[in-house]
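Report on one structure; see the data block that follows.
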Amino acid sequence: MNKNDFSCVRDIEVRWGDLDALNHVNNAVYLVYYESGRTFYGQDLHLLDPNLRTGGVVAEATCRYLQQLHYPAEVQVCTRISRIGNTSFDYIAALFYKDQDENPISTFKARMVCFDQKTQQKYRLPDENRELIYRYEKIKPEM
């Protein structure tokens, strides 16, 4: 996995409060970094519902911890969509040191389901969103 595979790349500064008792970034904090990556992605494409009525909810997630991360550090969260289904899509993300393009610190995969909070039902990802995502990605998502 390489940083150049991603269209959505954002800087994150590791905070002192991100550390655990062993003086490295707590494993749960990585999930917050990846959540930020999904938010940045949605902002890039203007896909976020300002009323938070509809959107993707995490149905399944996997995080791999490949290196320790300590304070202070500047990292980049890189996010892309690798698959677009009818009512779901898959995110792939990685965390890299800001000055490195290879050897991620951590990797992440999530299956998201398009969900309407009002009706409590999943819905089909709109065609215009599919097209936006497809055009945005460097590595085209599986459809």
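Quick check on my filter: what residues within the stretch 98-115 are among the polar types (S, T, N, Q) and surrounded by fewer than 17 Cβ atoms within 10 Å (Cβ to Cβ)? If the condition is that a residue be among the polar types (S, T, N, Q) and surrounded by fewer than 17 Cβ atoms within 10 Å (Cβ to Cβ), then 100, 103 are the ones that fit. Could you tell me which residue of the stretch 54-83 is farthest from residue 39 (Cα to Cα), considering only residues that are surrounded by 19 or more Cβ atoms within 10 Å (Cβ to Cβ) and over 13 Å from the mean Cα position of the chain (by Cα)? The selected residue is 69. Applying the condition of being over 13 Å from the mean Cα position of the chain (by Cα) and charged (D, E, K, R) to the stretch 84-109 and asking which residue is farthest from residue 137 (Cα to Cα) yields 99.
Yes/no per residue for (1) assigned to a strand (DSSP E or B); (2) farther than 20 Å from residue 29 by Cβ; (3) acidic (Asp, Glu); (4) modelled with pLDDT under 95:
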{"site": "58", "(1), (2), (3), (4)": "yes, no, no, no"}
{"site": "64", "(1), (2), (3), (4)": "yes, no, no, no"}
{"site": "69", "(1), (2), (3), (4)": "no, no, no, no"}
{"site": "76", "(1), (2), (3), (4)": "yes, no, no, no"}
{"site": "83", "(1), (2), (3), (4)": "yes, yes, no, no"}
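Taking the numbered list (1) part of a strand (DSSP E or B); (2) closer than 14 Å to residue 45 by Cβ in turn, residue 111 passes all entries but (2). Within the stretch 117-133, can you find the residues that are under 20 Å from the mean Cα position of the chain (by Cα), over 13 Å from residue 85 (Cβ atoms) and touching a residue at least 40 places away in the same chain (Cβ under 8 Å)? 132 - this is the single residue of the stretch 117-133 that is under 20 Å from the mean Cα position of the chain (by Cα), over 13 Å from residue 85 (Cβ atoms) and touching a residue at least 40 places away in the same chain (Cβ under 8 Å). Looking across the stretch 1-47, the residues that are in a loop (DSSP other than H, G, I, E, B) and either surrounded by fewer than 14 Cβ atoms within 10 Å (Cβ to Cβ) or not hydrophobic (A, V, I, L, M, F, W, C) (or both) come down to 2, 7, 15, 20, 21, 22, 23, 24, 26, 46. Scanning the stretch 6-45 for residues that are touching a helix residue (DSSP H, G or I) at 6+ places or on another chain (Cβ under 9 Å) and among the β-branched types (Val, Ile, Thr) turns up 9, 12, 14, 25, 29, 32. Note on the stretch 134-143: among residues that are modelled with pLDDT of 95 or more and farther than 18 Å from residue 77 by Cα, the one that is surrounded by the most Cβ atoms within 10 Å (Cβ to Cβ) is 141. Each residue in the stretch 114-143 was checked for being of a type in the set (Lys, Arg), part of a loop (DSSP other than H, G, I, E, B) and out of contact with any helix residue (DSSP H, G or I) (no Cβ under 7 Å at 6 or more places or on another chain), and 2 pass.
The values are calculated or read from the model by the stated rules, or taken from the named source; none is laboratory data. These figures come from a predicted structure and were not determined experimentally. A quick note on method: Cβ atoms are made from the backbone with ideal geometry, for glycine too, and the neighbour counts reach across all protein chains shown.
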